[in-house]
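The values are calculated or read from the model by the stated rules, or taken from the named source; none is laboratory data. Remember, predicted model here, so these are calculated numbers, not experimental data. Here the Cβ positions follow ideal geometry from the backbone for every residue, glycine too, while neighbour counts run over all protein chains shown. Please note that ligands, DNA and RNA were not included when accessible areas were found on the heavy atoms of the full protein model with its side chains. Shrake-Rupley method; radii C 1.70, N 1.55, O 1.52, S 1.80 Å.
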Amino acid sequence: MEERRRNKRIELQSKIVMKALNGDNPDTEIIIDVTDVSKTGAGFTCNEILTIGTVYEAYLTIWTQEVLHTFIEVVRIEKKEDTFQYGASFVGMPGMEAFRIGVYDTVKQELAKQNK
């Protein structure tokens, strides 16, 4: 598969609770497992069937235990055995929140250099 990401993805094991902003059940909360994140989007797994183009309100818990309130749009779906792998883009994420994700990547790279 061709790499089309504009920003490097970093692994971040976290969970977020999402609420659909459009669709049949706008108040249903879905718990997902985030597999990677960048300044512009996230990859995650979920047992629920989500729809490409649907926008969700999300509360992302990052490594500092801070919660980032954001909106994501599902842009990719891939079936993996008994679960689904999704790709999503952040919609209107404030620059400060994107900066926090970038800082985590920088710190992680520096620690890896020191441990070599």
So, in region 52-71, of the ones that are at pLDDT 85 or above and out of contact with any Leu (no Cβ under 9 Å at 6 or more places or on another chain), which residue ends up nearest to Thr35 (Cα to Cα)? Ile52
Where residues in region 12-51 are among the acidic types (Asp, Glu) and exposed (fewer than 11 other Cβ atoms within 10 Å of the Cβ), which of them is modelled with the lowest pLDDT? Asp24
Log entry, pairs with first residue in region 94-116 being in contact (Cβ under 8 Å) with a residue 40 or more places away in the chain and of a type in the set (Gly, Ala, Ser), second being in a loop (DSSP other than H, G, I, E, B) and open to solvent by 80 Å² or more (accessible area, probe 1.4 Å), beta carbons closer than 7 Å, six or more apart or on different chains, reads Ala98/Lys39; Gly102/Lys39
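Please verify whether region 76-85 includes one or more residues that are in contact with a helix residue (DSSP H, G or I) (Cβ under 9 Å, 6 or more places away or on another chain) and touching a residue at least 24 places away in the same chain (Cβ under 8 Å). Walk me through how you get there before you give the answer.
Step one: list which residues in region 76-85 are in contact with a helix residue (DSSP H, G or I) (Cβ under 9 Å, 6 or more places away or on another chain), which gives none.
Looking through region 76-85, none of the residues is in contact with a helix residue (DSSP H, G or I) (Cβ under 9 Å, 6 or more places away or on another chain) and touching a residue at least 24 places away in the same chain (Cβ under 8 Å).
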Open to solvent by less than 30 Å² (accessible area, probe 1.4 Å) and within 10 Å of the chain's Cα centre (by Cα), is that true of Tyr56? no
Cβ-Cβ under 6 Å pairs, at least 6 apart or on other chains, region 41-56 side over 11 Å from Gly87 (Cα atoms), far side in a loop (DSSP other than H, G, I, E, B) and of a type in the set (Gly, Ala, Ser): Thr54/Gly23
So His69 passes all but one of these: (1) open to solvent by 70 Å² or more (accessible area, probe 1.4 Å); (2) not in a strand (DSSP E or B). Which condition number does it fail? (2)
If we ask which residues in region 84-93 are modelled with pLDDT of 90 or more and either out of contact with any Phe, Trp or Tyr (no Cβ under 6 Å at 6 or more places or on another chain) or of a type in the set (Asp, Glu) (or both), their number turns out to be 6
